[in-house]
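Read the structure below first, then the notes.
The values are calculated or read from the model by the stated rules, or taken from the named source; none is laboratory data. Quantities reported herein were computed from a predicted structural model and do not represent experimental measurements. All Cβ positions, glycine included, derive from the backbone under ideal geometry; neighbour counts span all protein chains shown.
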């Protein structure tokens with residue numbers, strides 16, 4: 001499957017790397033030329049989250065294609081959006097060259113109304129929704145740490161279990177991205193929003209990262 005990933009932050013790089021490793025034809029569509037050039041030159045570097053075995057390399061280098069020009073990529077089978085919610089409309093509009101007759105657009109962003117914003121530009125019948133609890137941290141340009149392996153949930157807006165949503169789920173699972181299909185993706189999106197509404201203020205107050213919350217002395221008190 002030819003996949004375009006729009007938004008080359010930690011999650012975009014993580015999904016791009018895992019899908020490329022699994023044999024998919026992946027392009028990263030970046031808005032920073034220097035980062036895209038570095039990834040093309042040096043590869044995408046991922047540090048694993050799990051404990052390493054003796055002699056196992058500390059980093060994995062994945063050769064992946066990156067560009068700032070969607071025209072260079074052309075139509076994809078799947079476009080995954082990872083930009084911040086406030087950039088959704090601009091990113092979708094700029095990425096329209098990735099759209100062919102059967103292109104599916106998937107949002108794995110945080111927040112609400114991303115599906116509606118994308119649908120107005122890419123076409124309502126093209127867009128499916130989702131959330132992910134995978135965790136990743138940017139160490140520097142083109143280098144990330146896979147911080148945690150959580151579940152990814154995707155679904156059609158009309159709650160149907162379509163062939164295209166099954167295909168995306170299968171491809172993700174084959175890549176090691178634990179994925180399930182929901183018949184209530186709107187409820188799933190609200191659920192993650194509520195979790196973020198609780199967790200994110202706590203990380204700000206305690207000044208620790210998500211995965212370190214349980215270790216915070218303030219919360220233990």
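Just to verify a result, which residue in region 150-177, among those that are loosely packed, with under 15 Cβ neighbours inside 10 Å and within 18 Å of the chain's Cα centre (by Cα), is modelled with the lowest pLDDT? Result: 150. Scanning region 135-145 for any residue that is farther than 19 Å from residue 175 by Cα, surrounded by fewer than 17 Cβ atoms within 10 Å (Cβ to Cβ) and out of contact with any helix residue (DSSP H, G or I) (no Cβ under 6 Å at 6 or more places or on another chain) turns up at least one such residue. Of all residues in region 7-17, none satisfies being assigned to a strand (DSSP E or B) and surrounded by fewer than 21 Cβ atoms within 10 Å (Cβ to Cβ). Against the test of being at pLDDT 95 or above and closer than 24 Å to residue 189 by Cα, the options 99, 92 yield a single qualifying residue, 92. Among the residues of region 155-182, which ones are farther than 19 Å from residue 22 by Cα and not in a helix (DSSP H, G or I)? The answer is 155, 156, 157, 158, 159, 160, 161, 162, 181, 182. For region 75-154, the strands (runs of 3 or more DSSP E) that sit wholly inside it and include 2 or more residues that are under 18 Å from residue 4 (Cβ atoms) and touching a strand residue (DSSP E or B) at 6+ places or on another chain (Cβ under 9 Å) are 76-81, 99-107, 127-132.
Residues that are assigned to a loop (DSSP other than H, G, I, E, B) and modelled with pLDDT of 95 or more were ranked within region 38-68; the one that is farthest from residue 176 (Cα to Cα) is 68.
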